[in-house]
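**Student:** Right, I'll just put the structure down here and ask away after.
The values are calculated or read from the model by the stated rules, or taken from the named source; none is laboratory data. Note that the structure is predicted; figures quoted are calculated from it, not measured. Every residue, glycine among them, receives a Cβ derived from its backbone with ideal geometry; neighbour counts consider all protein chains shown. For accessibility, only protein heavy atoms count, side chains too; no ligands or nucleic acids. Shrake-Rupley method; radii C 1.70, N 1.55, O 1.52, S 1.80 Å.
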Amino acid sequence: MANGRDRREPSFETPATDAGAMDFRLSPEDRAGGRMAQKRSSQGGGGSPSPRRTTRPKKAKRKRGGSFLRKLVYSGVVLCLWGIIAVGAIVAYYAAQLPPIDQLTVPKRPPNIAIMASDGSLIANRGETGGQTVALKELPPYLPKAFVAIEDRRFYDHFGVDPMGIARAVFRNLHRGGVSQGGSTLTQQLAKNLFLTQERTASRKIQEAILALWLERNYTKDQILELYLNRVYFGAGAYGVEAAAQRYYGKSARNVSLSEAAVLAGLVQAPSRLAPNRNPAAAQARAELVIAAMNDLGFITPGMTKTALGAPAQPVRPKGAGSMNYAADYVMDVLDDFVGTIESDIVVSTTIDPSMQAAAERALVDELNAKGQKFNVSQGAFVALQPDGALKALVGGRDYEASQFNRATAARRQPGSSFKPFIYLTAVEQGRTPNDVRDDSPVNYKGWTPENYDRKFRGPVTLRDALALSLNTIAVKLNLEVGPKAVVQTAQRLGITSPLQANPSLALGTSEVTPLELVSAYAAFANGGTGVIPYVITQVKTTGGKVVYKRPAGGGLGRVMDPGALAMMNEMMHNTFVIGTARRAQVPGWVMAGKTGTTNDYKDAWFVGFTGSLVAGVWLGNDDGTLTKRVTGGNLPTEVWHNFMNVVLKDQKPVPLPGSEYFRQIPADTPVASAGEVPDAGVPESGWIQPQPQPARTTSRDKNFFEKLFGL
């Protein structure tokens, strides 16, 4: 029967191939009421047989965790790729803002101008960098190592950008809750200094990194370090380690000690805050960190560490409290007249004498410190030069750090009676002599009534004594007699370049001049009658030794006085030291001549004097024109001049003045009060012998003074 044929007998025999895979579990078809039973009943019921279904084996169910992890990894990879593409695009964008890499070059360092004194010592560095370039091999080994230790200890290991350094900086900044450490390498800092601005932006940091890679590719590590040391800013206008060493320690970077090197290395982090001359405590604290870092890296021995920590660096004050800078500024003012465009470092040799410069400043500053408050005078200027015009000392003010304005070269002030020699010289050249007599009597010109300092009149007085006593009335009369225009021409012939007004008041020095031009004009009296142009530069050469400029022999304005006029003028101005307003300026053993000057309102006080080897002048006053308390050329300025000359002439052999063989000999111990100045405060007024007044006498020449004036 059909059902019998389809019957299946159970079999417990398993094929050999399935021996190890016996499965006694019941399938849904084997269970009671399952599909197999339903199938049998439907077949036994005689219905039409249904098609046989085949069951698809179910796939094993995947674990959810594994699928999520794979998706996360996949997403991370995709994001990284997109991040790399985005970073590449940003880098490419900012790289496009830079000059083409194949055309990129390290910009030339601005040239330095080293200004040297007459003895070869350095006065100052000028230019944008403030110091010369130094080679790495010229420096003591610990100096560059100090910068590596504190700024980039992995300098010799990274490729321009230090990922480890950046990560370390980020970690420390996060830990400390602020920006306490940067991740820039020395190469990146150099790239910023060479090519970029100082702004702190993401774009600038990207460009900085690109340029750092370029530097590392094209230069060796030592070359990069040398460039860095010569370009980094140290504050106070000093770019480069040489400028910084000179600025703070008064020596070359080649000669700095370990403790000084540590201060310089620590300084670049914050030049204004860590400057050793402004904040020594902070500078020393930073230097100790540098020394500790050098010790940790094995750059220095424990013994060197102990020595450096035990002997902190001490910054030096610039020579002459900075007054040398007035001379250096003047050199820069005139340098363009002798050299063109400066392409490389140059050395400028000058006539400045460091010992004279120091003596001039000391004499001026000490006098102002001692008596400035009492006499209400706050400023001064001093100029000293050789009779040929070579500038030996130039002090443009009381304190260069407080004021860089150069009063010796740029301040025009009324010279007062120190202008009178030009009037007397004009008179002598027109035929007058020192023995000629003029009447010291009242003057009235269109309501103008100039008076002598003591408001007294002496009657007939020789020109010799009138100049020595600085009598205003006779100077005014003599000016009108010879003609103010002629006086202007005489002053200009001797070297006065400031505008002069040809009027009656010219006799009292109302036209303004600078101390430098007035002292230069007096030089003709000291050298035998030759006009000079003051000079300070003798030679300019490159650091390689090539001569760019050399001052030719001679020069000047030529002869401006004949010997006879010169001898008479020097005899009259020498009389100022003998009986006149400059008695306190005498230096034993030396024959001297000169003239004091005081304006009528006591705004300006002068003294210009000379020997056969040196001419010097002093101005005292206030920048704002405030009146002094009776400062005259015969008191404070002559004291400054005397103190200076007493020092610089101490070991020199006296040199006679031109024409001194004709001088009238008057006993030097005859104390005569100065008619135009204040007697020495240390001498009682009753101790002075006053000139005896003589009966007034009017000559025919006196009567015609003012008539002649109208014909000028």
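**Student:** Quickly run through region 218-243 and pick out the residues that are farther than 13 Å from Thr133 by Cβ and in contact with a Phe, Trp or Tyr (Cβ under 6 Å, 6 or more places away or on another chain).
**Tutor:** Within region 218-243, Lys221, Tyr233 meet the criteria.
**Student:** Here's something else I'd like to know. Hand me the list of helices (runs of 4 or more DSSP H) wholly inside region 261-330 holding 3 or more residues that are more than 21 Å from the chain's Cα centre (by Cα) and at pLDDT 95 or above.
**Tutor:** By residue number, 280-296, 302-310.
**Student:** So Asn570 fits all but one of (1) at pLDDT 95 or above; (2) surrounded by fewer than 21 Cβ atoms within 10 Å (Cβ to Cβ); what number is the exception?
**Tutor:** The failed condition is (2).
**Student:** How many residues does region 515-530 contain that are of a type outside the set (D, E, K, R) and open to solvent by 10 Å² or more (accessible area, probe 1.4 Å)?
**Tutor:** 4
**Student:** Quick check on my filter: what residues within region 382-410 are touching a Ser or Thr at 6+ places or on another chain (Cβ under 9 Å), open to solvent by 10 Å² or more (accessible area, probe 1.4 Å) and in contact (Cβ under 8 Å) with a residue 40 or more places away in the chain?
**Tutor:** Within region 382-410, Gln386, Pro387, Asp388, Lys392, Asp399, Tyr400, Thr409, Ala410 meet the criteria.
**Student:** With within 22 Å of Ala390 (Cβ to Cβ), within 37 Å of the chain's Cα centre (by Cα) and assigned to a strand (DSSP E or B) as the only criterion, which of Gly594, Gly612 stands out?
**Tutor:** Sole residue among the options that is within 22 Å of Ala390 (Cβ to Cβ), within 37 Å of the chain's Cα centre (by Cα) and assigned to a strand (DSSP E or B): Gly594.
**Student:** Does any residue of region 600-614 turn out to be polar (S, T, N, Q), within 20 Å of Val640 (Cβ to Cβ), surrounded by fewer than 20 Cβ atoms within 10 Å (Cβ to Cβ) and at pLDDT 95 or above?
**Tutor:** yes
**Student:** Output the residues belonging to region 440-464 that are on the phi < 0 side of the Ramachandran plot, surrounded by fewer than 22 Cβ atoms within 10 Å (Cβ to Cβ), within 50 Å of the chain's Cα centre (by Cα) and not hydroxyl-bearing (Ser, Thr, Tyr).
**Tutor:** If the condition is that a residue be on the phi < 0 side of the Ramachandran plot, surrounded by fewer than 22 Cβ atoms within 10 Å (Cβ to Cβ), within 50 Å of the chain's Cα centre (by Cα) and not hydroxyl-bearing (Ser, Thr, Tyr), then Trp448, Pro450, Glu451, Asn452, Asp454 are the ones that fit.
**Student:** Is at least one residue of region 365-376 surrounded by fewer than 14 Cβ atoms within 10 Å (Cβ to Cβ) and either of a type in the set (Lys, Arg) or under 19 Å from Leu143 (Cβ atoms) (or both)?
**Tutor:** Within region 365-376 (the criterion being surrounded by fewer than 14 Cβ atoms within 10 Å (Cβ to Cβ) and either of a type in the set (Lys, Arg) or under 19 Å from Leu143 (Cβ atoms) (or both)), the answer is yes, since at least one residue qualifies.
**Student:** Another one. Filter region 218-238 for residues that are modelled with pLDDT under 90 and surrounded by fewer than 20 Cβ atoms within 10 Å (Cβ to Cβ) and give the result.
**Tutor:** Correct list: Ala236, Gly237.
**Student:** Could you grab me the full set of residues in region 308-364 that are crowded, with 17+ Cβ neighbours inside 10 Å, touching a Lys or Arg at 6+ places or on another chain (Cβ under 7 Å) and more than 20 Å from Leu614 (Cα to Cα)?
**Tutor:** Result: Ala328, Ile346, Val347.
**Student:** Taking the stated definitions as given, is Thr426 among the polar types (S, T, N, Q) and open to solvent by less than 10 Å² (accessible area, probe 1.4 Å)?
**Tutor:** Yes; evaluated as a whole, the condition is true for this residue.
**Student:** Those residues that are touching a helix residue (DSSP H, G or I) at 6+ places or on another chain (Cβ under 8 Å), under 23 Å from Glu517 (Cβ atoms) and not aliphatic (A, V, I, L, M), I need them from region 578-601; list them, please.
**Tutor:** Listed by number, the residues that qualify are Thr581, Gly594, Lys595, Thr596, Gly597, Thr598, Thr599, Asn600.
**Student:** Please work out if Val241 is out of contact with any His (no Cβ under 9 Å at 6 or more places or on another chain), open to solvent by less than 50 Å² (accessible area, probe 1.4 Å), among the β-branched types (Val, Ile, Thr) and within 21 Å of Ile113 (Cβ to Cβ).
**Tutor:** Answer is yes for this residue.
**Student:** Residues of region 496-513 being touching a strand residue (DSSP E or B) at 6+ places or on another chain (Cβ under 8 Å) and either over 15 Å from Arg412 (Cα atoms) or polar (S, T, N, Q) (or both), which ones?
**Tutor:** Ser498, Pro504, Ser505, listed by residue number.
**Student:** Under 7 Å between Cβ atoms, which residue pairs at least 6 apart in sequence (or on different chains) link something in region 489-504 that is on the phi > 0 side of the Ramachandran plot with a partner that is open to solvent by less than 20 Å² (accessible area, probe 1.4 Å) and not hydroxyl-bearing (Ser, Thr, Tyr)?
**Tutor:** Matching pairs, first to second residue: Gly495/Glu517; Gly495/Ala521; Gly495/Gly531; Gly495/Val532.
**Student:** Is region 573-581 home to any residue that is assigned to a loop (DSSP other than H, G, I, E, B) and crowded, with 24+ Cβ neighbours inside 10 Å?
**Tutor:** Checked region 573-581: at least one residue is assigned to a loop (DSSP other than H, G, I, E, B) and crowded, with 24+ Cβ neighbours inside 10 Å.
**Student:** Pairs, please: C-beta under 7 Å, at least 6 apart or cross-chain, first residue open to solvent by less than 40 Å² (accessible area, probe 1.4 Å) and in region 624-639, second among the charged types (D, E, K, R) and not in a loop (DSSP other than H, G, I, E, B)?
**Tutor:** Within 7 Å, the pairs are Leu636/Glu367; Leu636/Lys371; Thr638/Arg584; Glu639/Glu367; Glu639/Arg584.
**Student:** So which residues in region 297-308 are closer than 13 Å to Glu260 by Cβ and not β-branched (Val, Ile, Thr)?
**Tutor:** Scanning region 297-308 gives a single hit, Ala308.
**Student:** Six or more apart or on different chains, Cβ atoms under 9 Å: show the pairs whose first residue is in region 233-255 and among the aromatic types (Phe, Trp, Tyr) and whose second is at pLDDT below 90 and part of a helix (DSSP H, G or I).
**Tutor:** Short answer, once both residue conditions are applied: Tyr233/Asn193; Phe234/Arg247; Tyr239/Asn193.
**Student:** Looking only at region 333-342, decide whether some residue is in a helix (DSSP H, G or I), of a type outside the set (Asp, Glu) and over 30 Å from Pro534 (Cα atoms).
**Tutor:** no
**Student:** Being within 30 Å of Gly612 (Cα to Cα) and open to solvent by 30 Å² or more (accessible area, probe 1.4 Å) is the requirement here; does Val437 meet it?
**Tutor:** The answer is yes for Val437.
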